[in-house]
């Protein structure tokens, strides 16, 4: 839907032709905005060139920045549990129609420090034993595991941020995503466990 709208705008906007080695059309750059009336299509598995094979792998950019898991931001080893974190962020996007985390500073750059601060603000501080496994954690967390960097933590909670659900549905959904949004990968629920979650089975 979003690409279809972008195509319509391209056909109606002025563009110029330029000749280098071959003739080609140069289009004006523009932001790819959310589709009208939040008409998102179905989630699609794609970009398998970034897939990782094996039980463990070194950190790297394997997800879009807004979906990066805690262990990736802290430059730790990862495994398949990064996908559980990723699934929680996608589920939030689909329900709330906005990203749970974005990590962008005031100038529009994605900064790991900002991203980690958003996580600490919404999820609470990480366990010390988790931070001890990262050589980079001391840059933003003190010896007690408390946030010491800028910007200051937001007072908002997940409950505050989730406005598209109410009542039992909201309670169940928050429990569902919290079970995936764990600082420690081994504390996240498995895909099999998530399929039996009340929020999914009662839908």
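Here are some notes:
- Gyration tensor verdict on region 73-135 (Cα atoms; rounded if a/c is under 1.5, prolate if a/b is larger than b/c, oblate otherwise): oblate
- Over region 151-203: Rg over Rh, Cα atoms, Kirkwood Rh: 1.03
- Inter-label distance for residue 150 and residue 190, nm, one decimal - labels placed 7 Å from Cα along Cα-to-Cβ: 4.6 nm
- Computed with the Debye formula from one identical point scatterer per Cα of region 92-203, without solvent, the log10 of I(q)/I(0) at q = 0.09, 0.21 Å⁻¹ comes to -0.28, -1.23.
- Linear extension gain, residue 96 paired with residue 157, 0.36 nm per residue minus alpha-carbon span: 20.5 nm
- Measuring between their Cα centroids, region 145-187 and region 86-142 lie 11 Å from each other.
- Ordering of 132-140, 105-113 by packing [mean C-beta count within 10 Å, highest first]: 132-140, 105-113
Values quoted throughout were computed directly from the atomic coordinates according to the rules given, and no laboratory measurement underlies them. Computed from a predicted structure; not experimentally measured. Using ideal geometry, Cβ is built from the backbone for each residue, glycine included, and neighbour counts are taken over all protein chains shown.
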